[in-house]
Structure formats: C-alpha cells, structure tokens
Amino acid sequence: QVQLVESGGGLVQAGGSLRLSCAAAGRTFSSYAMGWFRQTPGKEREFVAAINWSAGTTYYADSVKGRFTISRDNAKNTVYLQMNSLKPEDTAVYYCAAKIGLGQRSSYSAYPYWGQGTQVTVSS
C-alpha cells in the first residue's frame with residue numbers, strides 16, 4: 001500500500017508556473033507507476049500525465065503536452081508535476097495517484113491509491 005499527499009497548489013496568473021509535489025509513504029514507492037489527474041466541479045476526473053516506476057517513460061494528455069512535465073525521485077518517494085504556461089482552463093483540483101504498471105494509465109478507475117488533492121487556480 002502507499003499513502004499520497006499532494007502540495008504546491010495555489011493561485012497564479014495566466015502564463016505563470018507552479019510545481020506540484022506528491023509525497024508517498026510506503027517502502028514500495030518505486031514499484032508504482034504514478035499519475036496526475038485533475039477535476040473541476042461537475043466533471044469527470046481527467047488524466048493529465050503518468051510516469052513509469054523507473055521514470056524512463058512518460059505520457060501526457062494532449063491538452064498539457066509541451067507545457068507540463070512529470071518527474072519522480074524514488075530516493076525521496078516523491079513525484080512532481082511542473083506546470084508552465086498555465087491557462088485559466090488548467091484551473092482544477094489536482095490529484096496524484098499510484099498503480100502497478102502503466103496499463104490503462106489514463107483511466108482514473110485503474111488507480112487504487114489517491115491523494116487528497118491540491119487546488120490550482122489560474123487567473124486570466
């Protein structure tokens with residue numbers, strides 16, 4: 001099992017940057033693929049990015065490709081989401097999630113472990 005805690009959200013102007021962190025508790029963090037999702041009220045949780053256990057493979061939603069970067073530091077049990085060139089439509093609660101393997105990486109129902117979320121608000 002792994003417990004996840006996100007941090008780094010906040011209010012930023014359009015065009016700005018934020019870096020989200022997700023700290024994991026558990027000795028087997030390096031065994032898990034990690035994902036970032038986001039959700040706005042009334043909408044389904046949306047895939048943002050995913051990274052495999054060794055950080056050798058990453059995947060992105062088309063809406064964030066070229067602006068967001070997912071990375072991880074297994075020595076620190078932490079996964080990051082660097083968000084640049086932020087847009088008002090990036091406003092959401094951002095969640096990190098963990099699963100074994102990268103199959104169905106963009107499907108939120110495939111991830112058994114979730115953090116509590118961190119709010120990101122981008123003003124125009």
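The values are calculated or read from the model by the stated rules, or taken from the named source; none is laboratory data. Just so you know, these numbers come straight off a predicted model, no measurement behind them. Methodologically, a virtual Cβ is constructed for each residue, glycine included, from the backbone with ideal geometry; neighbour enumeration extends over all protein chains shown. To get the accessible areas, we keep the full protein, side chains included, count just its heavy atoms, and leave off ligands, DNA and RNA. Shrake-Rupley method; radii C 1.70, N 1.55, O 1.52, S 1.80 Å.
Just give me the residues in segment 79-97 being over 13 Å from the mean Cα position of the chain (by Cα) and either hydrophobic (A, V, I, L, M, F, W, C) or in a loop (DSSP other than H, G, I, E, B) (or both), in sequence order. Spell out how you get there, then give the answer.
Our first condition is that a residue be over 13 Å from the mean Cα position of the chain (by Cα); within segment 79-97, this holds for 84-89, 91.
Those that are over 13 Å from the mean Cα position of the chain (by Cα) and either hydrophobic (A, V, I, L, M, F, W, C) or in a loop (DSSP other than H, G, I, E, B) (or both): Asn84, Ser85, Leu86, Lys87, Thr91.
Restricting the search to segment 98-124, which residues are in a strand (DSSP E or B), under 30 Å from Gly15 (Cβ atoms) and either among the aliphatic types (A, V, I, L, M) or under 13 Å from the mean Cα position of the chain (by Cα) (or both)? Before you say what the answer is, go through the steps one by one.
Let us first name the residues in segment 98-124 that are in a strand (DSSP E or B), namely 98-99, 113-114, 118-123.
From the residues that got through so far, the ones that are under 30 Å from Gly15 (Cβ atoms) too are 114, 118-123.
Trp114, Thr118, Gln119, Val120, Val122, listed by residue number.
Hey, does segment 10-17 have a residue that's under 12 Å from the mean Cα position of the chain (by Cα), open to solvent by 30 Å² or more (accessible area, probe 1.4 Å) and touching a residue at least 40 places away in the same chain (Cβ under 8 Å)? No, segment 10-17 contains no residue that is under 12 Å from the mean Cα position of the chain (by Cα), open to solvent by 30 Å² or more (accessible area, probe 1.4 Å) and touching a residue at least 40 places away in the same chain (Cβ under 8 Å).
The number of residues in segment 52-85 being within 14 Å of Ser107 (Cα to Cα) and crowded, with 18+ Cβ neighbours inside 10 Å comes to 1. Applying the criterion of being of a type in the set (Gly, Ala, Ser) and open to solvent by 30 Å² or more (accessible area, probe 1.4 Å) to the residues of segment 29-51, the residue that is farthest from the chain's Cα centre (by Cα) is Gly42.
Annotation note: Cβ proximity below 6 Å between a residue of segment 79-93 that is over 19 Å from Gly115 (Cα atoms) and a residue that is polar (S, T, N, Q) and outside any strand (DSSP E or B) (sequence gap 6+ or interchain) occurs for Asn84/Ser17; Pro88/Ser124. Answer with yes or no whether Ala92 is under 23 Å from Ala55 (Cβ atoms) and either open to solvent by less than 30 Å² (accessible area, probe 1.4 Å) or polar (S, T, N, Q) (or both). The answer is no for Ala92.
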